[in-house]
Amino acid sequence: MTFPPTHTAFSWHARVRKRTGSRWQGRIVGWYSTKLTPEGYAVESETEHGSVQIYPAKALELVP
């Protein structure tokens, strides 16, 4: 999958987790963009099969 040029923080299927707050870890499976969130990603959970959450790029970090 090719992301638009505005989405450079993560690549397709990159393993990421939320930086703060509730825990969410998984792989990038898509992207989105709104006026308030110009660079957002859909993350499919590693532990909750089939569950996907969307987050702005700044809320995520790569899993080492």
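The values are calculated or read from the model by the stated rules, or taken from the named source; none is laboratory data. These numbers were taken from a predicted model, which means no experiment stands behind them. When the accessible area is computed, the model is the full protein with side chains, heavy atoms only, and any ligands, DNA or RNA have been set aside. Shrake-Rupley method; radii C 1.70, N 1.55, O 1.52, S 1.80 Å.
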Cα-based radius of gyration of the range 17-64 once divided by 2.2 N^0.38 Å, which approximates compact folds: 1.08
Accessible surface, the chain, averaged per residue in Å² (probe 1.4 Å): 69 Å²
For the chain, averaging the sequence separation of alpha carbon pairs under 8 Å that lie six or more residues apart and dividing by its residue count, the contact order in percent is 30 percent
